[in-house]
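Every read-out reported here was derived from the displayed coordinates using simple, explicitly stated rules and does not represent laboratory data. Note that the structure is predicted; figures quoted are calculated from it, not measured. Counting neighbours? That spans all protein chains shown, and the Cβs are built from the backbone with ideal geometry, glycine included.
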């Protein structure tokens, strides 16, 4: 069988639609995961026994199980357990939120705790309340240290969306799979799929580079 | 008027009494130099004054308020007690000017313009007006410590606490910091200084306290007690310092 790259053009609208679904899952998932991760990370770093314990359990459960199992659980087990029916798209987004949140929690905790205690003391010694020290001193410094590992996590989460093929979400990988099973153009289609992923992760990398450059990492 | 009063003050770390029932009254305008071997409790005593270490027994009154009070009261005390740290602890993401303007803006609620005018004055006072827009990483240790002094002064404290302010500095940089401190003392600022600089203690200090095992072992005029230590262990200690 010879390769015929022109067929990629025929299927491009379909592939782009898949890429759009991938992007929507990834962006919403990452946004939610970031919020959840910051909250859980701060609970880990500053919470008392109870808050720290809750966040710790969450992080351990998520980190200790595969994301495919997590999304299967959300999509197939949750309706049975709680009578809660989620559509595939909702399950996919929720899976990324929960999964990215756990990893981001550890990133946030690490970044916050890496900030020199002396700076916190300097802020407190001026008569600032602790939350203002976190907001104005520790936060901005930790944020700079967050960017590189956070970028890494964003890329991982974007690629993790391909695993949702198992619950039938029409994202990019699933779209490629469907086209493939109809015409068996493996080389052309999987190359096109890979290139589309690279374009998405590449843009993300570029965006993070710009952010890193504009902010001095201290 | 007394500004700091330790009343049988205790500080325990676990079972260890780092401050073992300290009684000490410091009057306004005094320059108290605290010396003593490592682990004698001198830094802890200093850090109890602004509540960075919480006392575990007795009482400690600063400017009429007990450090054992609630968070609001503690913040009030901290605004009257500026602190200078051994490691400077300047905020690395802020310029010298912004470091000094930070307290007035965030603690006192001053406007940006108002805080910056005052910050420039304070930087001029420590001889660093021309470094206003430098980041701490671009300053020498001595310059960083002078910015840190300006930053502590910016909240207009009644007393300044110095925790080994020259210990992290190369010998040739110590003097510029000590000179700024001398200037402050001459203006009548109440100061409590943990240091190993005996020359500074003699020239600038109005009172010298030698601490040992969480107690005040010697309390007297710096020149007298340094030249003729009334205590064998203090004599020993001074031999090691000088």
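At-a-glance table
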{"quantity": "Cα→Cβ-extended label distance, 7 Å offset, between residue B:72 and residue A:78, nm", "calculated": "4.4 nm"}
{"quantity": "For the stretch B:33-48 and the stretch B:196-240, distance of Cα centres in Å", "calculated": "12 Å"}
{"quantity": "0 to 90° range, to nearest 10: angle between helix B:71-80 axis and chain B longest Cα axis", "calculated": "80 degrees"}
{"quantity": "In degrees, nearest ten, helix A:139-160 long axis to first principal axis of chain A (Cα)", "calculated": "20 degrees"}
{"quantity": "Cα gyration tensor shape for the stretch A:6-96, rounded if a/c is under 1.5, else prolate or oblate", "calculated": "prolate"}
{"quantity": "Point-to-point label distance, residue B:199-residue A:135, nm (Cα→Cβ direction, 7 Å offset)", "calculated": "4.7 nm"}
{"quantity": "Inter-label distance for residue B:231 and residue B:187, nm, one decimal - labels placed 7 Å from Cα along Cα-to-Cβ", "calculated": "3.3 nm"}
{"quantity": "Share, in percent, of DSSP beta bridges within the protein assembly as shown that are antiparallel, nearest 5", "calculated": "55 percent"}
{"quantity": "Pairs of Cα atoms farther than 24 Å apart, the stretch B:114-204, %", "calculated": "16 percent"}
{"quantity": "Cα centroid separation - the stretch A:30-78 against the stretch A:117-184, whole Å", "calculated": "13 Å"}
{"quantity": "Rounded tilt (10° steps) of A:6-46 against the dominant C-alpha axis of chain A", "calculated": "20 degrees"}
{"quantity": "Sequence of A:190, A:5 once ranked by neighbouring C-beta atoms within 10 Å, starting from the fewest", "calculated": "A:5, A:190"}
{"quantity": "Estimated FRET transfer efficiency when R0 is 51 angstrom, pair residue B:65-residue A:211 (beta carbons, to 0.05)", "calculated": "0.70"}
{"quantity": "Efficiency of FRET between residue A:46 and residue B:54 - r from beta-carbon atoms, R0 25 angstrom, step 0.05", "calculated": "0.90"}
{"quantity": "Span per principal axis, largest first, for the Cα atoms of the stretch B:20-162 (Å)", "calculated": "46, 34, 27"}
{"quantity": "Relative contact order of the stretch B:160-202, pairs being alpha-carbon contacts under 8 Å that are 6 or more residues apart, as %", "calculated": "62 percent"}
{"quantity": "B:43, A:162, A:114, A:181 arranged by Cβ crowding within 10 Å, fewest neighbours leading", "calculated": "A:181, A:114, A:162, B:43"}
{"quantity": "Rg/Rg_globular for the protein assembly as shown, with Rg_globular taken as 2.2 N^0.38 Å and Rg from C-alpha atoms", "calculated": "1.34"}
{"quantity": "Å³ per residue enclosed by the Cα convex hull of chain A", "calculated": "139 Å³"}
